[in-house]
Structure formats: structure tokens, C-alpha cells
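Have a look at the structure below before the remarks.
The values are calculated or read from the model by the stated rules, or taken from the named source; none is laboratory data. Small disclaimer: the values here were computed from a predicted structure and weren't measured. No Cβ is skipped: glycine too gets one built from the backbone with ideal geometry, and neighbour counts run over all protein chains shown.
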């Protein structure tokens, strides 16, 4: 049984879907060991507490810099025996120390088809650019923002009358599917890295 550590800053909808899919055995051989938030009132953290998961608020203001904060998080994750770190709407850029502490064991989901539209407001970026298709990407996390090796992607059509909210909602629906798929592949040793290319093992 592989242990997941989840980091979030807000509602945690991807985290909630991961939790539900573990319960449904969509994600096999995994359990959530700990949920950590940098926001005390994050709804996702409240959900974790209500469902008897270990839920920790870690106040960034208690630490002198980003690396000190990340060292505290790494210490918690390692003490819980976490095998895979899942960023689920975690609104902090993690440090090299964090990345090096869990090499190829930190994943994130981003609401665009990377490498297009990294960073904030990816849905608005897509609309402003005028693309006809966008989507979402699950990727390993490295030292650069939205840069690590791509695990899975899914495509969403951009409609002529889309608002940012409309497009965001349709992308989120796909996020909820592929994030769990990616976690299942990783924890059950069904992928491998060839350079920066993620390949799925064929039985």
C-alpha cells in the first residue's frame, strides 16, 4: 500500500476526487497519509478533518524563508512514510530542497496542455490566445514552474462563447479523471521515465 501526501491551498476538489476514487478502488493500492495546507481555512483541509484524515495547517509566516518552510513539510511527509506527493491546488512554488527530497515523487495537475500556458490563469491565457483546444496535464514537478515530465493529458474543446468560468469547469471535470489515473499508474509501477519522456509499461 503506497502512501500519498496531499498539499493544497483551497477547496481541494482534486484531492476530494482522489479520496473518493481510493474509496471506490479506482486508485488501487493507495491511501492518503496526510493532508497539508498553507491556508488555515482551506475547505480541502476541513474536508480532510471531517473524514478522519491527518490534516495539518502549517503557517508560512512562522518560517524565515521558503526553504525553511519546505523543510518542515518534508519532515512531516517523511515522518508519515509518504511515497508520492500530490499537489492539489497548492499555491506555492516549491523549492529545490523539496524537489530533491522526493525525486520524481511529486506530481501536479495544471489546467492547460503543457508546455502551452504555464503559470497562473492558464484558462484565460488560452482564451486570449484564441486556441481551439486546451485541456489539462498531470506532470512530475521539477525546479521550474509547470515544467516537469508529462504523465497524462486530456483535451478540452474551446467554444466560441466560452467564459473563463465555463472553460475552467469543463477542464476541471477532466482533471478529476486523469489525476486519479496518473496516481494509479504511478503507485502500481505502470510507468517509467525515459529521459524526460514518461512511458506506460505494456503487459
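Below, the figures for the structure above:
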| read-out | value |
| --- | --- |
| Strands (runs of 3 or more DSSP E) contained in region 1-117 and holding at least 2 residues closer than 21 Å to residue 142 by Cα | 2-8, 30-37, 84-87, 106-110 |
| Evaluation of residue 93 against (1) touching a helix residue (DSSP H, G or I) at 6+ places or on another chain (Cβ under 9 Å); (2) over 23 Å from residue 189 (Cβ atoms); (3) not assigned by TED's automatic domain parsing to the domain that holds residue 34 (one fails), failing number | (3) |
| Considering residues of region 153-171 that are touching a residue at least 40 places away in the same chain (Cβ under 8 Å) and in contact with a strand residue (DSSP E or B) (Cβ under 8 Å, 6 or more places away or on another chain) only, the residue farthest from residue 125 (Cα to Cα) | 153 |
| Qualifying residues in region 120-144 (those that are touching a strand residue (DSSP E or B) at 6+ places or on another chain (Cβ under 9 Å) and part of a loop (DSSP other than H, G, I, E, B)) - the one farthest from residue 180 (Cα to Cα) | 132 |
